[in-house]
Amino acid sequence: DKIWIYYPDLQVSANIAVLDKAATTSSGGTSSGTTVKQAVPIKTSIAKLDSEVTSADKSNKNLILVGGPAVNSLVADLAAAGKTWTRDQYVTQGAGSAIMNLVADAFTTGKSALVIAGHSAADTRLVSGILQNYDDHASELVGKNLAVWKNGVISSSLSA
């Protein structure tokens, strides 16, 4: 067995660990000023199409819903209930608009849904990237149940 490691010429060092499949890692602590995070395997399906989400999922889980009401039936249900943007709101805002909307009590009391959607697929991808890099955007999002982006700039003046 071989392991190939590449790092840029300008990089002086790297922290590398090679573990057996059955090995575990520990959490916490620091090493040379670097925080160590625990690797946790996900053993259940976490990605589903909207058509695959069950009543049990909606009752027992917090959900992340990607895509607006025109492409995601669960988001369409929330929009019809007045809990998130409707298709018309995306159309009115136009190209370059996207939302990240935390909907409390989305399908049942105590369970939330985070709607990540844009006017177009590209706009949805933009806001998905913001979620992916949440630490870089946390200060913009603190205290907001609805964050709206227009041409890459966050606006808090628009409502759900």
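Values quoted throughout were computed directly from the atomic coordinates according to the rules given, and no laboratory measurement underlies them. Just so it is clear, the structure is predicted and the values come from calculations on it, not from any experiment. Please note: Cβ atoms are built from the backbone with ideal geometry, for glycine as well, and neighbour counts cover all protein chains shown.
Descriptive notes on the structure:
- Pairwise label distance in nanometres, residue 52 with residue 144, each label 7 Å out on the Cα-Cβ vector: 3.1 nm
- A simple spin-label model places pseudo-atoms 7 Å from Cα toward Cβ; at residue 44 and residue 104 they are separated by 2.5 nm.
- Cα shape, segment 41-134, gyration tensor, a/c 1.5 rule: oblate
- Sorting the segments 73-79, 138-144, 55-61, 43-49 by their mean number of nearby beta carbons within 10 angstrom, highest to lowest, gives 73-79, 55-61, 138-144, 43-49.
- Relative contact order, percent, segment 57-160 [alpha-carbon distance under 8 Å, six or more residues apart]: 27 percent
- Rounded, prolate or oblate (a/c below 1.5 giving rounded, otherwise prolate when a/b exceeds b/c) for segment 79-157 by Cα gyration tensor: oblate
- Of the cross-linked pairs 111/150; 61/150; 58/144, those separated by over 26 Å at the C-alpha level are 111/150; 61/150.
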